[in-house]
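Here it is, the structure in full.
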Amino acid sequence: MTMRFGVIGTGAIGREHIKRISNKLAGGKIVAVTDVNQASAEDTLETFGLDATVYPDDKTLLADPTVDAVLVTSWGPAHEASVLAAIEAKKYVFVEKPLATTAEGCMRIVEAEIKHGKRLVQVGFMRRYDSGYVQLKEAIENKFIGEPLMIRAAHRNPEVGENYTTDMAIHDTLIHEIDVLHWLVNDDYKTVQVTYPKKSKHAHENLKDPQIVTLETEGGIVMSAEINVNCKYGYDIQCEVIGEEGVVSLPEFQSISFRKNAMFGTNVLMDWKDRFIDAYDKELQDFMDSIKLTGEPNGPTSWDGYIAAVTADAAIKAQNSGEKEQISLKEKPAFYNKQTEAVNA
Ligand code: NAP
């Protein structure tokens, strides 16, 4: 059965998802779109050859009985209202990060979903579908390196614009490490601290860059994540897990190697969209497949969205205080205890 999607927010990533559902993935179709910028929503019909209805807002789109599921790809502050309205309308939701911009907002979604009685929501933390991270998780779970003790991660972008602020390093950049690192080791965060090395001359006047974020888990694993958004040379994601018996690392991006002008080398990506393209495909395919198979999505949950929000808030506090800050999560509801392995990973 084809899953009929309504899209709330037809900006950059909304369009990427429309394209992959329409042209690449199996089992989905876009039947409705909306955006605060009505012209943008209308434009998707011609751009992607959609046979879809353009609605003035999320509420009218959700009232369409032909819509089975929605993609919430509007800007972050609008996510919570759209997700709550979708749960109220008993529709499945794939929501891009953030689930909501506050921990309280995420909890409202958690409570609404629990009240509904079965999972409806998947959050777009696509790294869990990246084959490199999946291999790391398998190695950790198979005890290939014994107990994990430490993780060293790096998130490097070639450059950022003048509008990128110091706290965006947490909300927009680190947020993906926040989600994937605790998932890798199946542990909860306990504390976070942020330190600032010597500032890069490429960082604009008001931006602190690079930053080192140290996360400690309840189980005692210490993770250091370098955020370095003006590294110039490329978009580079690194992750090394150090265990009692060995070390496993994220594979390098696959590219040809070259020998030229007395050099031996390979290419480094410059655009973040290219790095996780397969993971974006897999997360949405899994969303459709698991709902068809089990009646529920199988990927990152509303609770994962809540963990990310609480951890990001504590990291922002740590940016400002320079101190080690506590990450205080509420008790995980049993509703979310099912394993969230990727069906298609
Ligand atoms: P974008 O290009 O600015 O697109 C957002 C779109 O939503 C714009 O067309 C915007 O209209 C519209 N919008 C704003 N409020 C709305 C509302 N209340 N109802 C309907 N439409 C609304 O941003 P983007 O880059 O696509 O990002 C969208 C979301 O995806 C963000 O939350 C972002 O963090 C997330 N994201 C995730 C990843 C990832 O790696 N998983 C990557 C990129 C983005 P206006 O332009 O008129 O404001």
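The values are calculated or read from the model by the stated rules, or taken from the named source; none is laboratory data. All values derive from a computational prediction rather than experimental measurement. Counting neighbours? That spans all protein chains shown, and the Cβs are built from the backbone with ideal geometry, glycine included. Each accessible area value is taken on the protein alone, full model and side chains, heavy atoms only, with ligands, DNA and RNA left out. Shrake-Rupley method; radii C 1.70, N 1.55, O 1.52, S 1.80 Å.
Explain nothing, just the number: dipole magnitude of segment 131-270 about its Cα centre with +1 on each Lys and Arg Cβ and -1 on each Asp and Glu Cβ, in debye rounded to the nearest 20.
Rounded to the nearest 20 debye, it is 760 debye.
Would you mind counting up the charge near S82? Only other residues with Cβ under 15 Å from its Cβ, with Lys and Arg at +1 and Asp and Glu at -1.
Local charge sum for S82: -3.
Here is a follow-up. Hey, can you rank 308-318, 129-139, 263-273, 324-334 by average C-beta count inside 10 Å, highest first?
Highest to lowest by the protection proxy: 308-318, 129-139, 324-334, 263-273.
Related question: In the full protein assembly as shown, how much of E159 is accessible to a 1.4 Å probe, in Å² to the nearest 10?
Approximately 120 Å² of E159 is accessible to the 1.4 Å probe.
Let me ask something else. When the dipole is taken about the Cα centre of the chain, and only Lys, Arg (+1) and Asp, Glu (-1) are charged at their Cβ, what size is it in debye, to the nearest 20?
The calculation lands at about 380 debye.
Over 30 Å between Cα atoms, which of K29/K330; K198/K324; K19/K330 qualify?
Where the Cα-Cα span goes over 30 Å, the pairs concerned are K29/K330; K19/K330.
Okay, next question. Using a 1.4 Å probe and ignoring any ligands, DNA or RNA, find the accessible area of D68 and quote it in Å² to the nearest 10.
40 Å²
Spin-label point model (7 Å from Cα, Cβ direction): what's the Q38 to D167 distance in nm?
3.4 nm
Given the chain, report the % of alpha carbon pairs whose separation exceeds 38 Å.
Here the long-distance tail beyond 38 Å is 16 percent of all Cα pairs in the chain.
Then there's this: Per residue of segment 87-98, what does 6.51 cos²θ - 1.76 cosθ + 1.60 with θ = phi - 60° give for ³J(HN,Hα)? Whole Hz please, x for Gly and Pro, Karplus curve as stated.
Once θ is set to phi - 60°, the couplings for segment 87-98 become 5, 4, 7, 6, 10, 5, 9, 9, 10, 5, 5, x Hz.
Using a ≥ b ≥ c from the Cα gyration tensor of segment 131-270 (square roots of the eigenvalues), is it rounded, prolate or oblate, where a/c under 1.5 gives rounded and otherwise the larger of a/b and b/c decides, a/b for prolate?
Note, shape of segment 131-270 comes out oblate.
Nearest 5 percent is fine: what portion of the DSSP beta bridges confined to the chain is antiparallel?
Beta bridges within the chain, antiparallel portion: roughly 55 percent.
Further, regarding this structure: What number in nm² do you get for segment 34-146 if you take the convex hull of its Cα atoms and divide its surface by four?
9.5 nm²
Provide Rg and Dmax in Å for segment 259-328, with only Cα atoms included in the calculation.
20.0, 58
Still on this model: Under a plain spin-label model, where a point goes 7 Å from the Cα along Cα-to-Cβ, how far apart in nm are T294 and S255?
3.7 nm
Fully extended, how many nm does the chain gain between K115 and N186 (0.36 nm per residue separation, minus their Cα-Cα distance)?
Between K115 and N186, full extension yields 23.0 nm more.
Under a 5 Å amide H to amide H cut-off, with H placed in plane at 1.01 Å, what residues pair with V70 once short-range neighbours are removed?
Counting only residues 5 or more places away or on other chains, the set is G6, Y92, V93, F94.
Just name one of P65, T34, N267: the one whose Cα is farthest towards the positive end of the charge dipole of the chain (beta-carbon charges, Lys/Arg +1, Asp/Glu -1).
Highest projection toward the positive end goes to N267.
Here's a follow-up. For K97, which sequence-distant residues (separation of 5 or more, or a different chain) have an amide H within less than 5 Å of its own amide H, given hydrogens modelled in the peptide plane?
G124
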